[in-house]
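Student: Provided herewith is a single structure, encoded as structure tokens, for subsequent inquiry.
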Amino acid sequence: MGKRKNQRKNAAMLDSDDDNSSVSSSSTMRSDRMSVSGTEEVDFSKDSLLDEAVDALFEKRGSTREKALAVIIDAFNSNLQHQFVEKKFATFLHQCLNCIKKGSSKEISLASRTIGLLALTVGPGDNAREILEESITPLSQAFKLGSESSKIALLLDCLAVITFVGGNDPEETEKSMQIMWQFVHPKLGSNVITVKPSAAVITAVVSAWSFLLTTMDGRRLNPKLWQESITYFSSLLDKDDRSMRIAAGEALALIFEMGSLEKFAAEAKGSSDGSVLEGNKSKEGFSHIQGLKGKILNQVRDLSVEAGGKGSAKKDLNNQRNLFKDVLEFFEYGYSPETSMKIGGDPLQTSKWSQLIQLNFLKRFLGGGFTKHMQDNAFLQNVFGFTPKRRNLLGSEHMSNSEKRMYKSPNSVLNKARTQLLNKQRMLSEGRNIGHYAVNVGDEDS
């Protein structure tokens, strides 16, 4: 069968609820007025809005802090707040972390989103590393407080984003991935009582874990972890929840794209030079991997043509079918889906599963602020190789001193992001197969 390039621009592959992905950001400043005491309305000028909101984070009343965080989120979605971050970074981060340590579930959720937006705004560098280092412990502790799915999902998103931006070392990324993995595979002790995670939490774990996996060199990860994760994702394909299936399908496609399962199978096949016992174990491991590959292919094929049952949402069913048709074509013929969307009239394109997973995750995390960030955020533009034709940042006469340092300096976020991205791409390119990534279920076992 010949090559069939998918160039779907549907909402299913881009995780968008919008009819048109090119629409401008729907997130705007709610108002220049906000209640900071619960009874008194305070006027905010646009210049002082964020300063007043940060001051409100010191208030004892939780509802006041929640409203302040909501205003800050709107501000960070509407514009890249470089001047504000330059002035208030340490104080702002410290207060957001206090909200996570002491706040209600709602406040923790809002603070988690705020910290993620802060990381995306500052881009890679010392500030991003500080965010990651200072946030790991509070986030880990917050995971243990309550089991609300929405809160845990936002905590996971926050951990993923701050690691994506600030995690320069593979060990840091692995640590965050292990924290996420504990939700689905906890290390049990004699006094540990585990709570079965909800479908929403499992979906969030798989999505965040896969997002970070896009930045990793698969050769670094333990083969035991690969086998455990692949087996687990395969089991999720049999679950009733479609969002969970889709997340698992994307994760498996990414693992195959990285060539990790093929590498693991080759290692198991080629490690029989030792004792007879070791040789038998290697053959058993290789047979298990080959069987798992065949099982996954059959699961993907079934999900790509699944019929809708009673009460089945048509949109969810179509999203699943489209996703698994792409996964099936990738597994059988080695072709990744190609997607394209418009950002202010300029095309943003993906041609790999890793790119698509990154795009879907960040689009969902940023929500209405996605378009604005893609137009103005140098770090995200470098991640996706996206350059708006009408961008005039470098030639603008209206740039502030902080924005000039942000974009023009040799040590700017733009140049640091480009350097970090190129280094990461060079690292990931080593050891990967050039060309197609077909599953080759018919591999010989001898």
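The values are calculated or read from the model by the stated rules, or taken from the named source; none is laboratory data. As the structure is a prediction and not an experimental result, all values here were calculated from the model. Ideal geometry is used to build each Cβ from the backbone, glycine not excepted, and the neighbour counts take in all protein chains shown. When the accessible area is computed, the model is the full protein with side chains, heavy atoms only, and any ligands, DNA or RNA have been set aside. Shrake-Rupley method; radii C 1.70, N 1.55, O 1.52, S 1.80 Å.
Student: Condition first: in a helix (DSSP H, G or I) and out of contact with any helix residue (DSSP H, G or I) (no Cβ under 6 Å at 6 or more places or on another chain). Now tell me which residues in the stretch 214-229 satisfy that. So that I can check it myself, show each step before the final result.
Tutor: First pass over the stretch 214-229, keeping only residues in a helix (DSSP H, G or I): 218-220, 223-229.
If the condition is that a residue be in a helix (DSSP H, G or I) and out of contact with any helix residue (DSSP H, G or I) (no Cβ under 6 Å at 6 or more places or on another chain), then 219, 224, 225, 227, 228, 229 are the ones that fit.
Student: Scan (1) more than 29 Å from residue 80 (Cβ to Cβ); (2) in a loop (DSSP other than H, G, I, E, B) for the single condition residue 168 breaks and write down its number.
Tutor: (1)
Student: When residues of the stretch 312-342 are filtered for being closer than 14 Å to residue 299 by Cβ and of a type in the set (Asp, Glu), how many remain?
Tutor: 1
Student: Here's a check for you: in the stretch 372-395, which residue that is open to solvent by 10 Å² or more (accessible area, probe 1.4 Å) and among the polar types (S, T, N, Q) is modelled with the lowest pLDDT?
Tutor: Going through the qualifying residues, I end up with 392.
One line per residue, one yes/no per condition, for (1) aromatic (Phe, Trp, Tyr); (2) in contact with a Leu (Cβ under 8 Å, 6 or more places away or on another chain); (3) in a loop (DSSP other than H, G, I, E, B):
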| residue | (1), (2), (3) |
| --- | --- |
| 109 | no, yes, no |
| 114 | no, yes, no |
| 120 | no, yes, no |
| 124 | no, no, yes |
| 129 | no, no, no |
| 141 | no, no, no |
| 152 | no, no, no |
| 155 | no, yes, no |
| 164 | yes, yes, no |
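Student: Among 115, 100, 108, 73, which is open to solvent by 10 Å² or more (accessible area, probe 1.4 Å) and among the aliphatic types (A, V, I, L, M)? Spell out the reasoning first.
Tutor: On the way: 115 fails: open to solvent by 10 Å² or more (accessible area, probe 1.4 Å); 100 fails: open to solvent by 10 Å² or more (accessible area, probe 1.4 Å); 108 fails: open to solvent by 10 Å² or more (accessible area, probe 1.4 Å).
After applying the criteria, what remains is 73.
Student: Here's a follow-up. Looking only at the stretch 127-148, which residues are within 18 Å of the chain's Cα centre (by Cα), of a type outside the set (A, V, I, L, M, F, W, C) and open to solvent by less than 40 Å² (accessible area, probe 1.4 Å)?
Tutor: 135, 140
Student: For the stretch 256-265, state whether one or more residues are at pLDDT below 95 and either among the polar types (S, T, N, Q) or touching a Ser or Thr at 6+ places or on another chain (Cβ under 6 Å) (or both).
Tutor: Start the filter on the stretch 256-265 by keeping residues that are at pLDDT below 95, which leaves 256-265.
With the extra rule that they be either among the polar types (S, T, N, Q) or touching a Ser or Thr at 6+ places or on another chain (Cβ under 6 Å) (or both), the set shrinks to 260.
Yes, that holds for at least one residue.
Student: Checking the conditions here, which among 121, 173, 137 is more than 25 Å from residue 95 (Cβ to Cβ) and among the hydroxyl-bearing types (Ser, Thr, Tyr)? Break it down into steps so the answer makes sense when it comes.
Tutor: Details: 121 fails: more than 25 Å from residue 95 (Cβ to Cβ); 137 fails: more than 25 Å from residue 95 (Cβ to Cβ).
Within the list 121, 173, 137, the selection yields 173.
Student: Which residues, counting only those in the stretch 293-314, are surrounded by 12 or more Cβ atoms within 10 Å (Cβ to Cβ), modelled with pLDDT under 85 and either among the polar types (S, T, N, Q) or assigned to a helix (DSSP H, G or I) (or both)?
Tutor: Matches in the stretch 293-314: 312 only.
Student: Further, regarding this structure: For the list (1) assigned to a helix (DSSP H, G or I); (2) at pLDDT below 70; (3) open to solvent by 20 Å² or more (accessible area, probe 1.4 Å), I need the number of the one condition that residue 273 fails.
Tutor: The failed condition is (1).
Student: Follow-up question, since we're still on this one. Among what's in the stretch 227-247 and is open to solvent by less than 10 Å² (accessible area, probe 1.4 Å) and of a type outside the set (Gly, Ala, Ser), pick the residue that is farthest from residue 184 (Cα to Cα).
Tutor: Checked the stretch 227-247; the qualifying residue farthest from residue 184 (Cα to Cα) is 237.
Student: Then there's this: Show the residue pairs meeting these rules: Cβ distance below 9 Å; 6+ apart or different chains; first residue within the stretch 116-129 and touching a residue at least 40 places away in the same chain (Cβ under 8 Å) and among the aromatic types (Phe, Trp, Tyr); second residue assigned to a helix (DSSP H, G or I) and open to solvent by less than 10 Å² (accessible area, probe 1.4 Å).
Tutor: Sorted first by the residue in the stretch 116-129, then by its partner, the list stays empty.
Student: Further question on the same structure: What's the total number of residues in the stretch 50-70 that are open to solvent by 40 Å² or more (accessible area, probe 1.4 Å), touching a residue at least 12 places away in the same chain (Cβ under 8 Å) and not in a helix (DSSP H, G or I)?
Tutor: Total satisfying the criteria: 3.
Student: Okay, moving on. Return the pairs, sorted by first residue and then second, in which the second residue is among the acidic types (Asp, Glu), the first residue lies in the stretch 171-198 and is at pLDDT 75 or above, the beta carbons are less than 8 Å apart, and the residues are 6+ apart or on different chains.
Tutor: 185/228
Student: So, one more: Count, please, the residues in the stretch 329-340 that happen to be surrounded by 20 or more Cβ atoms within 10 Å (Cβ to Cβ) and touching a helix residue (DSSP H, G or I) at 6+ places or on another chain (Cβ under 7 Å). So that I can check it myself, show each step before the final result.
Tutor: In the first step, residues of the stretch 329-340 are kept if they are surrounded by 20 or more Cβ atoms within 10 Å (Cβ to Cβ); the result is 329-331, 336-337, 339.
If we keep only those that are touching a helix residue (DSSP H, G or I) at 6+ places or on another chain (Cβ under 7 Å) too, we end up with 330-331, 336-337, 339.
Qualifying residue count, the stretch 329-340: 5.
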